[in-house]
Amino acid sequence: MIVLASLGDTAQGIVETFGIDWPMLVAQAINFLIVAFIIWKFAFKNVLSTIKEREKQISDSLKNADRIKLELEETEKQQQETLQEASLEAKKTISSAQEQAKALIESLKEDARKQAEEIIAKAKVSMEQEREHVLREAREEIAALVVLTTEKVLSKNLSAEEKERFSQQATEELNLVS
C-alpha cells in the first residue's frame, strides 16, 4: 500500500507540475475517438479496400504474367518442334527426290544402253547382209570370169550346160575357201 500511496503522490505531483485539466483531457479523448471512428468508417476502410483491390490486381497480373510466360515457352517449344519436323520432312522429300532422280537416270542409262545395243545389233545384221551380198556378187563375177577364161583357154564356145557346170564348180570352191 505504501507503494500505491507513493505512486498516487507521484501522479498528483505530475498533474500539478504539468497542469493537466481532467475535464478537458476527457473531452479531447472523446473527440479523438469520434474523429478516429469517422476516419476509420469513411476514409481508412475505403483506403484499405482500395489497397487490397490493388494488391489483388497486382497479384492477378503477376499470375497472368507467369501464365503468359509459360504459354510463351510452350509455344516456342512447339514452334521448335514444328520447325524440326518440317526440316526432317524436307530432308526426307529431298532424299526421296534424289533417289527418284538416280532411279530415273539409271533407267535412262539402261534405255540408252539397250538402244545402243539394238543399233549395234542392227548394224551387225546389216553389215552381214551387205557382206553376203558383196560375196554373192563377187562369186557370180568370179564364176563369170572362170567361164570366160575357160572359153578362151579352150578356144571354143561352151554350151549353156557347160557354163552352168563351171559356174557351179567355181562357186563351190569359193564357198569352201571362205
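Can you find a residue that is within 30 Å of Ala170 (Cα to Cα), without any contact (Cβ under 8 Å) to a residue 12 or more places away in the chain and assigned to a helix (DSSP H, G or I) anywhere in segment 111-119? Checking segment 111-119: not a single residue is within 30 Å of Ala170 (Cα to Cα), without any contact (Cβ under 8 Å) to a residue 12 or more places away in the chain and assigned to a helix (DSSP H, G or I).
Of the residues that make up segment 126-135, is at least one under 30 Å from Thr171 (Cα atoms), touching a residue at least 12 places away in the same chain (Cβ under 8 Å) and out of contact with any Pro (no Cβ under 9 Å at 6 or more places or on another chain)? Quick ask: steps written out before the conclusion?
Filtering segment 126-135 for residues under 30 Å from Thr171 (Cα atoms) gives 126-135.
Within this subset, residues satisfying the condition of being touching a residue at least 12 places away in the same chain (Cβ under 8 Å) are 135.
Next, from what is left, pick out any that are out of contact with any Pro (no Cβ under 9 Å at 6 or more places or on another chain): 135.
Within segment 126-135, one or more residues are under 30 Å from Thr171 (Cα atoms), touching a residue at least 12 places away in the same chain (Cβ under 8 Å) and out of contact with any Pro (no Cβ under 9 Å at 6 or more places or on another chain).
Of the residues in segment 126-178, how many are loosely packed, with under 10 Cβ neighbours inside 10 Å, in a helix (DSSP H, G or I) and modelled with pLDDT of 70 or more? Please lay out each step first, then the result.
Here is the first cut: in segment 126-178, the residues loosely packed, with under 10 Cβ neighbours inside 10 Å are 152-153, 155, 157, 159-161, 176-178.
Filter once more, so that each one left must be in a helix (DSSP H, G or I): 152-153, 160-161, 176-177.
With the extra rule that they be modelled with pLDDT of 70 or more, the set shrinks to 160-161.
Residues flagged as loosely packed, with under 10 Cβ neighbours inside 10 Å, in a helix (DSSP H, G or I) and modelled with pLDDT of 70 or more within segment 126-178 amount to 2.
For segment 15-24, a residue qualifies if it is surrounded by 10 or more Cβ atoms within 10 Å (Cβ to Cβ) and either in a helix (DSSP H, G or I) or modelled with pLDDT of 90 or more (or both), and exactly one does: Val15.
The values are calculated or read from the model by the stated rules, or taken from the named source; none is laboratory data. What you see is a predicted model; the values in this text were computed from it and never measured. Every residue, glycine as well, gets a Cβ built from its backbone with ideal geometry; the counts of neighbours run over all protein chains shown.
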